[in-house]
Every structure is written in C-alpha cells, then in structure tokens.
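Coordinate-derived values only; no laboratory data. No experiment lies behind these values; they were computed from the predicted model shown. Using ideal geometry, Cβ is built from the backbone for each residue, glycine included, and neighbour counts are taken over all protein chains shown.
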Amino acid sequence: MGVTHSEDTTAGHPKWRFYVMIGVILTVITAAEVAVFYIPALRGVLVPLLLVLSTGKFALVVMFFMHLRFDSPIFSAVFVAPLILAVFVIVGLIILFHVVPHGMGEIAY
Amino acid sequence: MATAHHPPTATGLDNVKLGFWTFIGSETLFFGSLISTYMVYKSASVTGPYPHEILNIPLTSMSTFVLLTSSLAMVLALNAVQRGSKAGALTWLAATAVFGMIFLGFQAYEFTHFVHEGLTIKTNIFGSAFFVLTGFHGAHVSVGVLWLLTLWVLTLRGKIGKQDALKVEIAGLYWHFVDVVWIAIFTLVYLIP
C-alpha cells in the first residue's frame with residue numbers, strides 16, 4: 001500500500017464475507033484448542049498440538065486481519081524480525097531454565 | 001494507504017503506517033520478554049496457589065472468544081470506513097469497543113477471584129509473573145478501548161470519513177496486535193500445563 005492516491009481505499013483488501021470466514025475459522029480453531037485440552041488421550045501430544053493450532057490462529061490474524069498478506073513486504077519484515085527474536089528469547093530461556101541439566105531450573109522462589 | 005496531498009516517501013510507503021509497524025515490532029519484543037519470564041518462573045513457586053490449582057480454562061476460553069470476535073468487528077469497521085459507510089463504521093467500532101470492555105470485565109473478575117483465592121502479585125513468583133503479563137495486556141486492551149471510543153465519537157461527528165481510513169487502519173493494527181498477543185498468552189499461560 002503505497003502513497004499513491006486511490007479513490008477506492010478497499011483496493012487490494014478482501015470483502016467483508018472473507019473476513020467473516022476468517023472469523024469463523026478462528027472460532028473453530030479456538031474451540032479445537034479447548035477440546036484438545038480436555039481430551040485425556042491427547043495428553044502426549046498436547047503441547048505440539050496446541051502450539052500448531054495457536055500458530056495457525058496467530059498467522060491468520062496477522063496475514064488477513066492485519067493485511068500483511070496484501071501489504072508491502074517491508075511491513076512484514078519490521079514485524080517478523082522482532083517476532084523471530086522474541087521466539088528465540090522464549091525458547092532459549094525455557095531451554096536454559098528447564099532443559100539444560102544442572103541449569104538454573106533448580107531455583108525456587 | 002495515503003491521501004493525495006501526502007508527499008512521496010523514500011520507501012514508497014506511508015511513514016505513519018511504517019512507523020506503527022515498527023512500534024508493533026518493539027511491542028512484540030516487550031511481550032516476548034514478559035511471556036518468557038512467565039514460562040521460566042511459572043513452576044518455580046515454593047508456596048501456592050499454583051497455576052493448575054487456580055487458572056479457570058472455561059472462563060478464559062469465553063474471554064478469548066470475545067476478543068477474537070472483537071478483532072472481526074474491528075476489521076469490519078475498517079471495511080465500512082473504506083466503503084464510506086458511516087452507519088457501518090459506527091456499528092462495528094462500537095461493537096469492537098463493547099467486546100473489548102467485556103474482555104476487560106472477564107479479566108477484572110478473574111483478578112478479583114484470584115485475590116480472594118489468595119493469589120496476589122506478591123504471593124509467589126507465579127503470581128508476580130502472571131499479574132505482570134496479563135496486567136500489561138489488559139492495560140493495552142484498555143488503551144485500545146479508549147482509542148476506539150475516540151474514533152467512534154469522531155466518526156459520529158463526521159470527522160472520520162472514507163479519506164481517513166488510515167486512522168482506523170492504524171487503530172485496527174493496534175487492536176489486532178493485542179488480539180494476537182492474547183492468542184499466545186491463552187495457549188502458553190492457560191492451556192499448556
């Protein structure tokens with residue numbers, strides 16, 4: 001979306017029916033997340049399953065509701081770069097505190 | 001997206017929108033640090049209440065549905081403004097703000113319930129990490145609600161029209177960001193044991 005003026009400000013953006021469809025998909029995924037949480041048989045794969053479902057929801061909102069799918073890649077870059085860094089920080093600290101043997105996970109407060 | 005009087009920029013993009021995406025990037029790191037702190041310390045408390053004893057999944061699931069619905073209402077508000085529909089913009093901006101306030105109501109109820117159950121920000125490290133993370137998110141939602149109500153009043157007075165769609169789009173970016181942060185919090189804080 002550049003600075004070029006356009007009378008049709010919805011140009012390049014989907015119609016409202018598309019947004020409603022995304023909303024329905026997000027609702028279904030959230031219902032699936034909660035269902036998965038309460039199914040004992042899925043305990044073994046609960047964490048990866050929840051992470052996949054959550055990542056899907058995250059991607060749908062960012063791509064379609066925040067329009068990154070239709071906007072300049074520069075907007076995507078200034079958002080995705082810190083997002084990757086944040087994920088590395090989260091995963092790194094979890095590994096450091098909870099996975100590494102004799103790490104800092106022994107600390108209790 | 002910009003208006004005809006906007007001067008050309010080096011990137012060919014609107015500077016306000018680029019600046020706001022940069023702000024969202026910084027907010028991503030801010031919430032990333034809060035989430036990682038919670039993940040590290042949630043199971044490090046030596047005294048209760050512990051997360052599995054106190055977190056209310058059905059209640060939080062409902063508040064998650066409410067916030068997701070508000071995101072849909074927000075994008076429909078932007079769509080209405082872009083189409084020049086004042087009635088649509090007023091309806092969907094109001095709906096977004098109302099859903100945001102309902103979400104805040106759920107959070108206020110949850111916080112009050114936790115305090116009655118003996119969990120405060122000072123009780124243990126889980127309480128500190130939980131209240132700081134969800135409290136900062138709630139503060140962001142509160143700012144978003146005030147922003148939406150301001151846009152609603154401006155639209156009602158005829159000061160926001162089709163040519164001002166960028167103003168609503170920027171508010172929408174903020175609101176959707178608050179929503180995606182909650183998507184992460186709901187999974188990492190509430191659902192993952």
At a Cα cut-off below 25 Å, give the lysines reachable from residue B:159, other chains included and same-chain residues fewer than 8 away excluded. A:15, B:17, B:86, B:167
Averaged across the residues of A:58-69, what count of C-beta atoms belonging to other chains lies within 10 Å of each residue's C-beta? 5
Starting from the Kirkwood radius over alpha-carbon pairs of chain B, derive D by Stokes-Einstein at 25 °C in a medium of 0.890 mPa s and give it in µm² s⁻¹. 136
Mind sorting B:122, A:57 by how few other Cβ atoms lie within 10 Å of their own Cβ, fewest first? B:122, A:57
What FRET efficiency comes out for residue A:94 versus residue A:31 if R0 is 25 angstrom and r is the Cβ-Cβ distance? Round to the nearest 0.05. 0.35
Hey, what D do you get for the protein assembly as shown in µm²/s if you plug the Kirkwood alpha-carbon radius into Stokes-Einstein at 37 °C and 0.692 mPa s? 161
For region B:101-115, take each phi angle, set θ = phi - 60°, evaluate the Karplus expression 6.51 cos²θ - 1.76 cosθ + 1.60, and give the result in whole Hz per residue in order, putting x for glycine and proline. 5, 4, 4, 5, x, 4, 5, 4, 4, 4, 4, 4, 4, 4, 5
Most exposed to least, judged by fewest other Cβ atoms within 10 Å, B:147, B:175 sort to B:147, B:175
Using eta = 0.692 mPa s and T = 37 °C, Stokes-Einstein with Kirkwood Rh from Cα pairs puts D for region A:17-82, in µm² s⁻¹, at 247
Output the relative contact order of chain B, whole-number percent, from Cα pairs under 8 angstrom with separation of 6+ residues. 31
Quick one: B:185, A:84, B:102, fewest Cβ neighbours within 10 Å first, how do they rank? A:84, B:102, B:185
